[in-house]
């Protein structure tokens with residue numbers, strides 16, 4: 001894949017191979033169920049369902065918790081905030097993911113994004129990196145190391161994490177110039 005570049009029409013573009021596009025689509029398919037809006041319980045108040053109040057519970061998995069963090073240190077306040085906001089957050093994240101998928105599927109070898117589409121990509125790339133980074137244990141001091149074993153699945157995950165960061169970085173840089 002080449003770096004995103006700003007175009008004269010206010011869009012950003014990049015060339016992408018079919019394999020890279022397929023791999024990004026695979027990553028989106030893996031992320032989608034993590035972001036999916038919560039199902040509405042059959043016994044839920046119809047007004048609560050209509051305005052997005054859910055019975056969301058704090059995720060157990062650290063990667064998912066990183067995507068949907070507690071807003072408050074107090075567990076009761078955090079649970080109440082989650083109840084009123086998580087459904088909308090999940091819907092927005094899913095919409096960004098769908099934007100990225102649609103632009104990848106319809107792109108051919110050249111991806112052309114409007115500013116709103118590029119912002120959807122940035123959001124989804126960020127979600128992918130947060131989830132992967134948490135699962136990989138990435139911290140400020142973290143290093144993937146030069147002696148990585150190519151047979152180790154963690155090596156592919158680390159390379160993917162770095163690739164997504166590069167794509168996100170070139171997209172941000174191109175948007176700054178668009």
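Each value in this text was obtained by applying a stated rule to the coordinates, not by laboratory testing. Owing to the predicted nature of the structure, the values given are computational and were not obtained by experimental measurement.
Which angle from 0 to 90°, rounded to the nearest 10, does the C-alpha axis of helix 75-105 make with the longest principal axis of the chain?
Taking Cα atoms only, the helix is inclined about 30 degrees.
Can you give the Rg to Rh ratio for the range 5-177, taking only C-alpha atoms and Rh from Kirkwood?
Rounded to two decimals, Rg/Rh equals 1.02.
By its C-alpha gyration tensor, with a ≥ b ≥ c as the square roots of the eigenvalues, how is the range 75-169 shaped: rounded for a/c under 1.5, else prolate for a/b larger than b/c, else oblate?
Oblate is the answer for the range 75-169, as a/c is 1.5 or above yet b/c matches or exceeds a/b.
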